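**Q** Right, I'll just put the structure down here and ask away after.
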Amino acid sequence: MPDQPTSCQLYAIVEAAPGAPERLSAALEAAEVAAVLIVPAAGEQLQAPTCRPLVELAKKANVPTLLLADAQLARALGADGVHLGTLKDLQVAYRSAREVLGAGSVVGADAGISRHAAMLLAEAGADYVGFGAPAHLKDREKARARRAELVSWWAEIFQVPCVAFDVDTPAEAGILAARGADFVAVTLPSGLSPAATQDRVRDIAAAIRASQTLS
């Protein structure tokens, strides 16, 4: 991932499930993608056979690829790094991942809606921090507002890039890009057809571009 992108970019999240290579190919064709995060399908764990084709696809497109939390598998597959979710002790998880992958790999983490966690991660050397509004939260609107506030605060003060997660609509993507997010995450869930994937990626990319033009 670029150290300091000049404008907001797409960060694609793809579930390692049947049809994932087709969805990822469709996304990579639809718009410029800056990074790919491979996550397990619901109730599953990441496995080499399902992750390998996705890593290879991204490599062919010269797009950095991250795996969710599994540093050992990332190293075995030649992925570019890992993304750490909102774990109980992100600092410990960060240090462990960095020991496995080394200084040359990407280790990023989702700080949720915590300023403190984000600052600790940045101080530890994380390559990026993420702010989100997970679907399981009871008050999503409050979480979305908090996420936007955190993105603005981070963009004004810190040099470490930030990723906006849990983005449901192009309108959200545009708002977060305008607030200063370096990357906006677009999720490509299992069951989404390649055509629908392309539409979703194009719509979010267009919203990001529009927000950059207006700002």
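The values are calculated or read from the model by the stated rules, or taken from the named source; none is laboratory data. On a predicted model such as this, the values are computed, not experimentally measured, just so you know. We place every Cβ from the backbone using ideal geometry, glycine too, and count neighbours over all the protein chains shown.
**Q** I'd like to know if the stretch 92-111 contains one or more residues that are of a type in the set (Ser, Thr, Tyr), closer than 22 Å to residue 147 by Cβ and crowded, with 21+ Cβ neighbours inside 10 Å.
**A** yes
**Q** Ok, one more. Has the stretch 70-82 got any residue that is touching a residue at least 24 places away in the same chain (Cβ under 8 Å) and among the polar types (S, T, N, Q)?
**A** yes
**Q** What's the number of the only condition in (1) surrounded by 20 or more Cβ atoms within 10 Å (Cβ to Cβ); (2) free of Cβ contacts under 8 Å to residues at least 40 places away in the same chain; (3) under 19 Å from residue 22 (Cα atoms); (4) not hydrophobic (A, V, I, L, M, F, W, C) that residue 179 fails to meet?
**A** (3)
**Q** For the stretch 88-105, indicate whether the set of residues that are among the hydroxyl-bearing types (Ser, Thr, Tyr), under 20 Å from residue 176 (Cβ atoms) and at pLDDT below 95 is non-empty.
**A** No, there is no match, as no residue in the stretch 88-105 is among the hydroxyl-bearing types (Ser, Thr, Tyr), under 20 Å from residue 176 (Cβ atoms) and at pLDDT below 95.
**Q** Let me ask something else. Give the number of residues within the stretch 119-162 that are of a type outside the set (D, E, K, R), surrounded by 13 or more Cβ atoms within 10 Å (Cβ to Cβ) and touching a residue at least 60 places away in the same chain (Cβ under 8 Å).
**A** 2
**Q** Then there's this: Where in the stretch 124-215 are the helices (runs of 4 or more DSSP H), entirely inside, with at least 1 residues that are of a type in the set (Phe, Trp, Tyr) and at pLDDT 95 or above?
**A** 140-157
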